[in-house]
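Trainee: Here's a structure for you.
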Amino acid sequence: MSWTRKLLRVNLSTGTCTAEDLNMEWAQKYLGSRGLATKYFIEETDPKVDPLSPDNKLIMSTGPLTGTCASTAGRYTVVTKGALTGAIACSNSGGFFGNELKNAGWDMIIFEGKAEKPVYLKLINEKAELVDASKYWGKSCWDTEEGLKADLQDPQARVASIGVSGEQGVKYACIVNDMDRAAGRSGVGTVMGSKNLKAVVLRGTRGVRVDDPIAFMDATNAGKAVLAENPVTGQGLPTYGTQVLMNVINEMGAMPTRNFRDVQFEGAANISGEKMHEVRADGTKNLVTNAACYGCTIACQRVSTVERTHYTVKDRPQYQGASGGLEYEAAWSLGSECGVDDIEALTFANFICNEQGYDPISFGATVGAAMELFEMGVLTLEHTGGIELKFGNAKALTDCAELVGKAEGFGAELGLGSARLCEKYGHPELSMSVKKQEFPAYDARGIQGMGLTYATSNRGACHLRSYTVSSEVLGIPEKTDPLATDGKAGLVMAFQDATAAVDSSGLCIFTTFAWSLEDIAPQVNAACEGDWTVESLLECGERIWNMERQYNLAAGFTGKDDTLPKRLLKDAAKTGPAKGKVSGLDKMLPEYYEIRGWDANGVPKAETLNRLGLS
Amino acid sequence: MQKALNINADKCTGCLQCEVACSFEHTGTFNPSKSRIKVFKFHDEGRFVPYTCTQCAEAWCLQACPVEAISYDAETGAKVVADSACVGCKVCTIACPFGTVNYVPDTGKVAKCDLCGGDPKCATACPTDAITYVDASMTGLEKMRAWAAKTDAGLQAEA
């Protein structure tokens with residue numbers, strides 16, 4: 001314990017579901033969730049596999065702490081080869097799906113092959129069944145979730161599904177659970193769609209056990225107290241969500257704006273967490289309440305409404321209720337990245353992303369790139385189907401959101417993602433991405449560590465592989481200068497390794513605003529067999545990082561892919577504290593390779609692999 | 001002095017720590033499906049509402065039970081199911097107007113909130129004080145204090 005020691009293998013080609021014992025030797029080396037699922041994935045698939053081929057596999061995995069009473073312990077991870085990136089993908093989601101899977105008695109589900117016709121997996125405790133999903137094909141994530149619960153006559157069932165965008169090959173489709181939580185990045189939903197797998201519906205009543213309950217209660221209670229007392233997890237996140245960052249990042253000149261042409265957005269205050277608290281003319285607020293995923297004592301989630309008189313919803317009552325509101329990344333990508341400061345339009349576009357199942361970060365950043373192409377005259381009204389795709393045009397943004405949801409017309413073009421779109425129209429340099437995955441909301445010129453984070457991230461540009469913003473902006477665990485490159489290689493490596501361990505435990509990475517591995521190790525150790533310490537978790541994280549790296553190298557990536565777009569390397573920031581700065585990636589990357597124990601081409605050395613037990 | 005669970009839905013975030021704690025206390029596993037307190041989520045309204053037994057003074061479940069398996073704990077005020085006596089006839093589940101006593105197929109008995117013998121784990125586990133365990137004769141104390149503060153502020157503003 002706290003693994004269930006069982007995995008479910010679902011062969012979609014043959015329609016069979018088989019229970020297997022979990023490889024406990026691997027569990028001791030790779031912990032669970034991200035780490036353990038990646039180990040299974042790499043052992044079982046060819047690294048050169050086409051992400052959309054039946055030979056690709058898709059794994060949904062819990063961690064050992066998933067489903068326990070530890071704070072935030074509801075996470076699960078989807079591991080596959082990403083449709084957007086062609087790299088290892090591992091997208092993590094909260095909500096209530098992971099704990100339900102664990103309660104049904106499973107550590108993970110491995111999907112392989114491809115169903116002849118659309119199906120969904122019905123999993124009620126040990127009973128697994130593939131069911132015809134033809135009546136849900138073509139339906140949104142919201143309709144699918146509601147429909148499946150009604151079919152089962154069980155409002156307590158949990159559903160993860162794809163929308164039309166995932167069915168139709170939008171490259172950054174998500175897998176959405178609990179209406180507005182998502183395994184969001186790298187196109188894991190696209191892979192699910194390519195397998196004709198529409199949804200997974202779950203019900204689990206078996207209970208989750210831990211190895212040493214008394215020690216576990218002590219360790220988790222101590223952890224919860226730390227979260228409650230910390231100003232970020234105890235106050236900032238519950239009050240403003242991740243949107244607490246909008247004004248902060250803008251002031252420090254690290255807010256990518258209009259496809260990274262600028263680093264500060266004049267409309268930032270209008271799309272901030274503070275704005276969501278403002279009372280509207282009709283007495284309501286954008287923010288209805290904060291909310292929590294399973295077991296979370298932070299509760300950063302936003303629940304929002306769109307103002308009823310807003311053009312996006314005024315004749316559409318189905319969008320007038322409350323639903324998942326803007327997180328910082330979405331507010332940035334839909335907002336400043338596109339130059340739009342209408343928070344109601346952003347909230348609506350975010351609803352559509354959740355309803356139709358695609359990643360708002362990649363979507364917004366792709367629209368931003370398309371807006372630049374439009375302003376250059378490369379894209380025309382003919383291409384866009386009449387949409388005036390100018391920076392700042394809220395209506396253009398929301399129209400694009402609905403088109404991508406249907407993968408129709410210009411929406412199918414936007415569904416390519418920025419790298420393929422810009423390449424197609426002859427301007428690959430305008431895609432603000434790494435390994436074809438779009439950047440999140442921190443400019444690498446104003447927060448230098450994030451440049452190295454993006455360039456070396458195993459799943460393409462991403463803030464959640466090593467969130468050095470914690471240190472460079474918030475001073476957690478200690479303040480470093482965001483404009484300096486010195487010491488950032490070590491900082492990024494430490495964050496990458498610790499994050500891989502946290503992701504693999506089943507906990508949420510947001511706990512690390514307050515928790516270090518000193519807080520987490522006793523929880524893992526009490527829950528699981530084996531000897532789990534800060535050191536063993538860090539080594540586990542380093543092992544996972546190098547394993548992912550090995551996979552990407554085998555898939556065809558090289559050190560040359562550890563780079564950033566020219567705009568960040570050559571065009572200096574125009575305003576703010578980072579004015580005149582470009583990313584100092586060239587200074588950080590060689591040092592990073594060295595301390596990683598990799599050679600000058602970014603290939604792990606034999607002694608590094610030996611030390612980590614990876615050879 | 002008897003105490004009672006006091007639920008303030010405005011403070012609930014829907015995290016289910018109460019359900020997790022309840023199930024652990026009564027089954028030894030983390031298993032929300034076995035919880036005797038349930039949090040209901042009203043998605044389109046953005047509301048989360050914890051709901052459990054109010055421990056009625058004249059408890060319908062207790063009156064309806066044909067084998068006297070439900071007894072009154074004078075110290076806590078809880079109506080407690082004795083597993084040794086319960087025959088799983090489910091009549092109490094029909095008698096309860098609120099649905100807070102339920103049949104458990106795994107055990108063949110019914111289960112309801114027993115206030116954990118006077119130390120309700122749901123209240124301890126709640127991170128936002130949406131569930132508190134307070135003087136049973138003063139469950140309105142917090143509301144009264146809130147209104148008193150408003151009145152006091154109003155008077156000060158006038159002065």
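The values are calculated or read from the model by the stated rules, or taken from the named source; none is laboratory data. Computed from a predicted model, the values in this text were never measured in an experiment. Neighbour counts are summed over all protein chains in view; Cβ atoms, including those assigned to glycine, are modelled from backbone coordinates with ideal geometry. Heavy atoms of the whole protein, side chains included, go into the accessibility calculation; ligands, DNA and RNA do not. Shrake-Rupley method; radii C 1.70, N 1.55, O 1.52, S 1.80 Å.
Trainee: For chain B, rounded, prolate or oblate, judged on the Cα gyration tensor with a ≥ b ≥ c (square roots of eigenvalues), a/c < 1.5 rounded, else prolate if a/b > b/c?
Mentor: In terms of gyration-tensor shape, prolate.
Trainee: Here's a follow-up. What is the spread of the Cα atoms of segment A:471-615 along each of their three principal axes, largest first, in whole Å?
Mentor: Largest first, segment A:471-615 extends 53, 36, 22 Å along its Cα principal axes.
Trainee: So, one more: For B:CYS122, what accessible surface area do you get with a 1.4 Å probe? Give it in Å², rounded to 10.
Mentor: 10 Å²
Trainee: How big is the Cα convex hull of segment A:250-360 in projection, averaged over all directions, in nm²?
Mentor: 7.7 nm²
Trainee: Moving to a separate point now. Whole-Hz Karplus ³J(HN,Hα) for segment A:225-240, in order, using 6.51 cos²θ - 1.76 cosθ + 1.60 and θ = phi - 60°, x for Gly and Pro?
Mentor: 4, 5, 4, 5, 8, 6, x, 6, 7, x, 10, x, 5, x, 7, 10
Trainee: Taking the square root of 5 times each eigenvalue of the Cα gyration tensor, what semi-axes in Å does the equivalent ellipsoid of segment A:219-285 have, largest first?
Mentor: Here the semi-axes work out to 29, 19, 7 Å.
Trainee: Rounded to the nearest Å, what's the spacing between the alpha carbon centres of segment A:587-613 and segment A:164-237? Just the number, please.
Mentor: If you average the Cα positions of each part, the centres end up 32 Å apart.
Trainee: Run the numbers on chain A and let me know its relative contact order in percent, using alpha-carbon pairs under 8 Å that are six or more apart.
Mentor: Computed value for chain A: 16 percent relative contact order.
Trainee: If you find the alpha carbon centre of segment A:516-531 and of segment A:1-47, how far apart are they in angstrom?
Mentor: One Cα centre to the other: 22 Å.
Trainee: Keeping all protein chains in the complex and leaving out DNA, RNA and ligands, what accessible area do you get for A:TRP106 with a 1.4 Å probe, in Å² to the nearest 10?
Mentor: Surface accessible to solvent at A:TRP106 totals approximately 0 Å².
Trainee: Would you mind checking the radius of gyration and Dmax of segment A:365-495 based on alpha-carbon positions, in Å?
Mentor: Final numbers for Rg and Dmax: 17.3, 52 Å.
Trainee: Using bins 10 angstrom wide from zero, how does P(r) for segment A:25-68 break down, in % of all Cα pairs?
Mentor: Spelled out per bin, shortest first, that is 28, 46, 22, 4.
Trainee: P(r) for segment A:50-138: what percent of alpha-carbon pairs falls in each 10 Å bin, starting at zero?
Mentor: 16, 39, 37, 8, 0
Trainee: Just to verify a number: what accessible area does A:ARG9 come out at with the full protein assembly present, 1.4 Å probe, Å² rounded to tens?
Mentor: Looks like 40 Å² after rounding.
Trainee: Do the sum for the protein assembly as shown: with -39,500 (n - 2.57) for every DSSP H run of n ≥ 4, divided by all residues, what is the mean residue ellipticity at 222 nm, to the nearest 500 deg cm²/dmol?
Mentor: The helix-only estimate for the protein assembly as shown comes to -10500 deg cm²/dmol at 222 nm.
Trainee: Test of understanding: given chain A, find the longest segment containing no GluC sites (Glu not before Pro) that are in a DSSP loop and have at most 16 other Cβ atoms within 10 Å.
Mentor: Result, exposed sites excluded: A:127-265.
Trainee: If you don't mind, there's one more thing I want to ask. Using a 1.4 angstrom probe on the protein heavy atoms only, could you order B:LYS34, B:LYS3 from most to least accessible area?
Mentor: Order by accessible area, largest first: B:LYS3, B:LYS34.
Trainee: In Å and on Cα atoms, what radius of gyration and Dmax does segment B:35-102 show?
Mentor: 13.9, 43
Trainee: Find the accessible area per residue for segment A:474-615; the probe is 1.4 Å, ligands and nucleic acids are left out, and the unit is Å².
Mentor: 41 Å²
Trainee: Scattering from the C-alpha atoms of segment A:79-124 alone, worked out with Debye: what is log10 I(q)/I(0) at q = 0.13, 0.20, 0.29 1/Å?
Mentor: Each listed q corresponds, in turn, to -0.43, -0.95, -1.12.
Trainee: Go through A:ASP359, A:ASP21 and list them by solvent-accessible area, largest first, probe radius 1.4 Å. Don't skip to the answer; put the middle values down first.
Mentor: Working: A:ASP359 5, A:ASP21 125 Å².
Descending order: A:ASP21, A:ASP359.
Trainee: What residues does segment A:285-311 have that are buried by at least 30 Å² of accessible area in the full protein assembly compared to the chain on its own, 1.4 angstrom probe?
Mentor: A:THR289, A:ALA292, A:TYR294, A:GLY295, A:THR297
Trainee: Right, next: Mind running the shape call on segment A:130-286? Use the C-alpha gyration tensor, a ≥ b ≥ c as the square roots of the eigenvalues: rounded below 1.5 for a/c, prolate if a/b tops b/c, oblate otherwise.
Mentor: Judged from the Cα gyration tensor, segment A:130-286 comes out oblate (a/c at least 1.5, b/c at or above a/b).
Trainee: Remind me, what semi-axes does segment A:1-95 give for its equivalent ellipsoid, largest first in whole Å, using sqrt of 5 times each Cα gyration tensor eigenvalue?
Mentor: Details: eigenvalues 104, 51, 32 Å².
Semi-axes, largest first: 23, 16, 13 Å.
Trainee: Could you state the orientation-averaged shadow area of the convex hull built on the Cα atoms of the protein assembly as shown, in nm² to one decimal?
Mentor: Answer in nm², one decimal: 33.7.
Trainee: Any chance you could list the semi-axes, whole Å, largest first, of the equivalent ellipsoid that the Cα gyration tensor gives for segment A:302-399, using √(5λ)? Write out the running numbers ahead of the final one.
Mentor: Values: eigenvalues 109, 42, 23 Å².
Calculated on Cα positions only, the semi-axes equal 23, 14, 11 Å.
Trainee: Please compute the Kirkwood hydrodynamic radius over segment A:170-209, one decimal place, Å, based on all pairs of different Cα atoms.
Mentor: Values: mean 1/r = 0.0872 Å⁻¹.
11.5 Å is the Kirkwood radius here.
Trainee: Got a number for carbon plus sulfur as a percent of chain A's accessible area, 1.4 Å probe? Don't skip to the answer; put the middle values down first.
Mentor: Working: 9760 of 19400 Å².
Within chain A, the accessible surface is 50 percent carbon and sulfur.
Trainee: Given bins 5 angstrom wide, list per bin the percent of all Cα-Cα distances in segment B:55-134, short to long.
Mentor: So the P(r) values, bin by bin, are 3, 16, 24, 22, 18, 11, 5, 1.
Trainee: Regarding segment A:448-538, what whole-number volume in Å³ per residue does the convex hull of its Cα atoms give?
Mentor: Details: hull volume 8.1 nm³, N = 91.
In segment A:448-538, the Cα convex hull volume per residue is 89 Å³.
Trainee: Give the separation of the Cα centroids, segment A:122-144 to segment A:270-318, in Å.
Mentor: Segment A:122-144 and segment A:270-318 have Cα centres separated by 30 Å.
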